[in-house]
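The values are calculated or read from the model by the stated rules, or taken from the named source; none is laboratory data. Given the structure is predicted, the values throughout are model-derived calculations rather than measurements. As a convention, Cβ positions derive from the backbone with ideal geometry for all residues, glycine included, and neighbour counts pool all protein chains shown.
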Amino acid sequence: MDWLLQQSINGLGLGSIYALIALGYTMVYGILRFINFAHSDVLMLGAFSAFYLEPQVSRLFGRESVVGAIMIVILAAGICAVLGMLIEFLAYRPLRNRPRLTVLITAIGVSLFIEFTAQHEKVFSAKTQFFPRLLPEHSFQMGNVFFNSTDLLVPVVTLLLLAAMWFIVQKTRIGTAMRAVSYNQQAASLMGVNVNRIISFTFGLGSALAAIAGILYAMKAPGIEPLMGVQPGLRAFIAAVLGGIGNLPGAVVGGLVLGILETFLGGIPWLSSYRDGIAFAILILILLFKPAGLLGKATVEKV
Amino acid sequence: MLARLLSRAALPLSLSFALFLTGCGGGSSESTIKVGEFASLTGKEATFGTSSHEGTLLAFEELNAAGGVLGKKLELITEDNQTKPGETANAVNKLIAKDNVVAILGEVASGRSLEAAPICQQSKIPMISPASTNPKVTETGDYIFRVCFIDPFQGTVMANFATNTLKAKKIAVFTDVKSDYSKGLAKYFKEKFVANGGTIAAELDFNGGDKDFKGQLTAIKSSNPDGVFVPGYYTDVALICIQAKQLGLNVPMFGGDGWESSTLLEIGKEAVEGNYFSTHYAADAATDKVKNFVEAYKKRFGGKVPDAMAALGYDSAYFLADGIKRAATAEPAKIREALAATKEFDAVTGKIAMNEKRDAVKSAVILQVKGGAFKYVETVNP
């Protein structure tokens, strides 16, 4: 019983991270019908922004303070939002009217460009660096089950951000414009929607989400390096597809399913080396029977 | 079709060949002995590569300052494989084909040494690995040597340590399935520990580079082991130790020489405190050879204390120089013969004898993380 509870907590912690990253993927896909492969690298840039901001911010607010942590997250999210918009402006906008494959290949190019630039000795260097603690960490023990404040923080933040995204998309003016662009770019622009601005905003929002995910990921496993985003990014992409790409709650459900599957499979001694193989085989099965993903019904409103 | 492709390829090929010839025309190959080195100077295991490279570099500088070998200066040509699979083959091919080196030194990780070994063997260029401990490395062929002990020995040492010093009855083993080194070490540990009368409580796997190990660690914890053997590399090990503590798994963790890096302490902090690992030498040992080496290294590299990889990198260079001296020529085949005949070579990491498998027979030491540093615990002889 303890084992089940402990693994559920572990899986929830990991799954929430995947969910948070998947939200960003799905967001951009919903508007542009295009996978931004550089998303996982923006995640890494978010973690490194926080890494470099921490000494400055903690000088003002003290180490491991809540205000300081919120400041760091907001600043890092801001930096990454600007970077995300810049990437869109420089790499994707000139290709807006080209075949979608061209943009996809460019996205992979941007991703590799960021990864290898970041690995240079004069940028971040390729070595793993210690990510400072942003918040005081509390451990809790219930019987034989252990968890800490970060394990609780991650799902809470993920759900809050899901709610915030849903609110922005469904209840605000800019959200209405986003949905309009998603349905038909040309028609939207004829109705007076500034398509460029909406797409820029979407990228900014997606990148801010990536930055927050990167920081939470680094808080969970305090070693950061330029390739840290690759593996969770791939998982999150799959989670987004699993949940029904373009669907916000679907991304969260997909992320949680994937995280829990991985954790439980990893915890079975004779299966642990087949963990990823089995997890992905299950995903393929799900997609065979539900090709649009778990929540991706045609009737569900796309972002 | 093939012919057309070939003729297309022929022009750039012949061009580059011409460039290559003019590039070599300087006559430098006659006045120096060229030695190639490949190392992971950047990437995930950068501290390993950097340490072994610095050790090698120091040895070359000392040798050249003392007049070189056979009256010629030694020239070290270093290539970085970025800790990436595939890059090593490129680097080694370049060293052999373009730079015409007479021998190759490298590298720490067994997986990447195994990539280089078949190329060196085929080209009949002696290769000396400073720190690859997987037996398969030298099994590639008679041109491949190493100056470190091998995993069966290291695994045995840690199994005896678990039985005798930790007094452990049940040990869980947590292996990196992506690494030949980790799998080899786990195998030999299990064999010996079971032979000692112990039981393996649980066997779990992870993928090097993972960041979340809680699923596996929860399973390890529920098997109630007396200790956990983690034959991984330092970045993964640090995160594993942190997450084990978070899950309330408070038993000693121990591993092999893949743990030895200051990064382990930087990331792991108090979570790695009290844990043990086996390695090649202790910088706080009391022999003259070690003291002189530590002194020279500190002076050359800004006060840094050399780790085992640095010591082995240093030893690999001196071992090669010794071979060239005894061969009395810089011909690769003759160097190979001389190296294979080494009976007693006095190295920083202990006396080395080459056995018939071209593996070094030597002792191991066990270190413990104590107060944020590595402290000497005991020496284990072969």
Out of all the residues in the stretch A:32-54, is one or more in contact (Cβ under 8 Å) with a residue 60 or more places away in the chain, more than 30 Å from residue B:219 (Cβ to Cβ), among the hydrophobic types (A, V, I, L, M, F, W, C) and in contact with a Lys or Arg (Cβ under 8 Å, 6 or more places away or on another chain)? yes
Provide a single number: the residues in the stretch A:173-198 that are modelled with pLDDT under 90 and surrounded by 15 or more Cβ atoms within 10 Å (Cβ to Cβ). 2
Scanning the stretch A:199-241 for residues that are under 16 Å from residue A:115 (Cβ atoms) and of a type in the set (Val, Ile, Thr), the one surrounded by the most Cβ atoms within 10 Å (Cβ to Cβ) turns out to be A:224
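Would you list the helices (runs of 4 or more DSSP H) that sit entirely within the stretch A:139-218 and hold 1 or more residues that are touching a residue at least 40 places away in the same chain (Cβ under 8 Å) and within 24 Å of the chain's Cα centre (by Cα)? Spell out how you get there, then give the answer.
Numbers: elements: A:149-171, A:173-183, A:185-190.
Fully inside the stretch A:139-218 and qualifying: A:149-171, A:173-183.
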For the stretch B:143-164, check the following and say yes or no: at least one residue is surrounded by fewer than 18 Cβ atoms within 10 Å (Cβ to Cβ) and within 17 Å of the chain's Cα centre (by Cα). no
Helices (runs of 4 or more DSSP H) fully within the stretch B:177-292 counting 1 or more residues that are facing chain A (nearest Cβ under 9 Å) and within 21 Å of the chain's Cα centre (by Cα): B:234-246, B:262-268
Restricting the search to the stretch B:270-296, which residues are in contact with a helix residue (DSSP H, G or I) (Cβ under 6 Å, 6 or more places away or on another chain) and among the aromatic types (Phe, Trp, Tyr)? B:277, B:281
If I ask for residues that are touching a residue at least 40 places away in the same chain (Cβ under 8 Å) and not in a helix (DSSP H, G or I), which ones from the stretch B:293-303 would you list? B:301
Within the stretch B:303-314, is even one residue under 28 Å from residue A:222 (Cα atoms), among the basic types (Lys, Arg) and within 14 Å of chain A (Cβ to nearest Cβ)? no
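Out of A:278, A:238, I need the residue that is free of Cβ contacts under 8 Å to residues at least 40 places away in the same chain and of a type in the set (A, V, I, L, M). Which one? Break it down stepwise before answering.
On the way: A:238 fails: free of Cβ contacts under 8 Å to residues at least 40 places away in the same chain.
A:278 is the lone residue from the list that is free of Cβ contacts under 8 Å to residues at least 40 places away in the same chain and of a type in the set (A, V, I, L, M).
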Here, helices (runs of 4 or more DSSP H) confined to the stretch A:34-135 with at least 3 residues that are within 14 Å of chain B (Cβ to nearest Cβ) and in contact with a Phe, Trp or Tyr (Cβ under 8 Å, 6 or more places away or on another chain) are A:39-61
Tell me, yes or no, whether the stretch A:236-252 has at least one residue that is under 13 Å from the mean Cα position of the chain (by Cα) and within 28 Å of residue B:234 (Cβ to Cβ). yes
